[in-house]
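Written out below as structure tokens is the structure these notes cover.
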Amino acid sequence: MIDIKGARKSFVGKNGDFKAVDNVTLSITGKEIFGIIGESGAGKSTLMRFINALEMPDAGQVIVDGIDVGTLNKNGLRKHQKDIGMIFQHFNLLNNKTVEENIKLPLELHKYKNPLSVDEVIKFVGLEDKKENYPAELSGGEKQRVGIARALVTRPMILLCDEPTSALDENTTDEIVGVLRKAQNEFDMTVVIVTHELNVIKQLCNRAAILERGRLIDTIDVNHSVTDRSDQSYYERVLEVLKDA
Amino acid sequence: MPEAIQIYIERVIEYTPRLVESLYETGIMMVFAMVAAILLGLPLGTLLYLASKGKSLENKLLYQIANIFVNIVRSFPFLLLVVVMQPLIRYFYGRATGDPVAASFPMMLIAIALYARFVEQSLHDVPKGVLETARSMGVTTPQLVWKFLYVEARSSLIIGFTTAFVSFISYSTIMGVVGGGGIGDFAIRYGYQRYETDIMYSAIAVIIVFVIIAQWLGLRLAARLDKR
């Protein structure tokens, strides 16, 4: 589904070139939830951005659904990006558009064969009563739900999540994790999550790649924790996190 | 004292038709300047933004040409710009002096350059995250401009336009030198040159009221459209 082969990327920094991604090769299977973890500056976000061509590798290949992303022209890239949803750490909503208008936005940019309806997706993320609100009136968790809804409305083949919970408190993080899991179950996508929060990976992912200073150290099978903590009360979560080993 | 007030009122009534005519001339110049600012200044400012480093139409040459044009027009002392443009206006319009339409040409040029700079600045204030989101959705450049940049920058675009509008009023007062008329010309001709200072102050008061109303309307509209 997603094959990254020998990808490298350097940025020019104050102290000369900085290798953000250094010869990474990995493969993500269709329909899996794949985590990319590492400390900040490890190159996780850059690596994920290769998939939807927000960053282009200096060397190496990125093959998504059989297509070599590096060979695409401008038009081809747009078509490629159209089928990949993305959610962001800071949500990146348009503040002058309502929740509904934000979610509708991708549908105004491209023609989609089989999109979800805006109402359907708003209901899915549980924001029926916030349709007419502006982002400034929402909490962090609600904003991320809008971000998720905006990504899902096109029925993407791949969903990229860039630190989706890093700006949220623990409670809200569990909520968002719940929404993401539900989304993957229902819409059958490949999901790639970049985060430094190990808990999020543990709750969501099948496999995870560990990056350190741009290099792939290991790819591990995640011992999936089965409990869906978004259904638990705050008290139950406290007990689970603090009392269990 | 009441007698003085009575005389003043009589004089104002006497001058009112000429004042109204001056306002009409100012109005013509302002409309030309505003239309030019929107139809040409907005695209030029957008081009300055898009052609700058790291943006979707990055192009050094294009940026420099637009940038130099804006800088030259803006650094010209306005009175000299009016004079220098005379042959050009004559070529395009047939005459360069004597009516507010001829006088509108330099007004339009300064309006384009001034508003283009405001637009460029407003667009640079749009958060990076918005641009990244747009790119991740695979937008075309026109979609980026209309669906993202203008949406998120709209209140600042309006505030910039309001500031530009107030400057246009100020520029228009110079146009009397080429017979363009207008409220500034009125103030100079009747107030300054004929020592009828009361008429001059009245005309200035009218200008001030216009500026205050324009500023108030602009800020109000911007606040209403700002949901950030």
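Selection within the stretch B:140-184: residues that are outside any helix (DSSP H, G or I) and open to solvent by 20 Å² or more (accessible area, probe 1.4 Å). The member of this set that is farthest from B:VAL31 (Cα to Cα) is B:THR140.
Of the helices (runs of 4 or more DSSP H) entirely within the stretch B:31-113, those holding at least 2 residues that are open to solvent by 70 Å² or more (accessible area, probe 1.4 Å) occupy B:60-75, B:78-84, B:86-93. Residues in the stretch A:92-109 that are free of Cβ contacts under 8 Å to residues at least 40 places away in the same chain and not in a helix (DSSP H, G or I): A:ASN96, A:LYS97, A:THR98.
Select from the stretch A:75-91 the residues that are among the basic types (Lys, Arg) and free of Cβ contacts under 8 Å to residues at least 60 places away in the same chain and write down the one among them that is farthest from the other protein chains (Cβ to nearest Cβ). My answer is A:LYS79. For the stretch A:133-153, a residue qualifies if it is hydroxyl-bearing (Ser, Thr, Tyr) and either within 14 Å of chain B (Cβ to nearest Cβ) or surrounded by 15 or more Cβ atoms within 10 Å (Cβ to Cβ) (or both), and exactly one does: A:TYR134. Among the residues making up the stretch B:201-224, those that are loosely packed, with under 15 Cβ neighbours inside 10 Å and within 14 Å of chain A (Cβ to nearest Cβ) are B:ALA223, B:ARG224.
Condition (residue is open to solvent by less than 10 Å² (accessible area, probe 1.4 Å), within 9 Å of chain B (Cβ to nearest Cβ) and among the hydrophobic types (A, V, I, L, M, F, W, C)) applied to the stretch A:116-132: is it met by at least one residue? No, the stretch A:116-132 has no match at all. One residue alone among A:LYS113, A:LYS182 is part of a loop (DSSP other than H, G, I, E, B), of a type in the set (D, E, K, R) and at pLDDT below 95, and that residue is A:LYS113. Checked against the criteria, B:GLY129 counts as without any contact (Cβ under 8 Å) to a residue 12 or more places away in the chain, within 14 Å of chain A (Cβ to nearest Cβ) and in a helix (DSSP H, G or I). I'd like to check something: does the stretch A:93-103 contain any residue that is open to solvent by less than 60 Å² (accessible area, probe 1.4 Å), more than 9 Å from every other protein chain (Cβ to nearest Cβ) and within 19 Å of A:THR29 (Cα to Cα)? Checked against the condition, which is being open to solvent by less than 60 Å² (accessible area, probe 1.4 Å), more than 9 Å from every other protein chain (Cβ to nearest Cβ) and within 19 Å of A:THR29 (Cα to Cα), the stretch A:93-103 yields no hits at all.
The values are calculated or read from the model by the stated rules, or taken from the named source; none is laboratory data. This one's a predicted model, so the numbers in the text were calculated from it and none came from an experiment. Cβ atoms come from the backbone with ideal geometry, glycine included; neighbour counts cover every protein chain shown. SASA here: full protein model, heavy atoms, side chains in, ligands and nucleic acids out. Shrake-Rupley method; radii C 1.70, N 1.55, O 1.52, S 1.80 Å.
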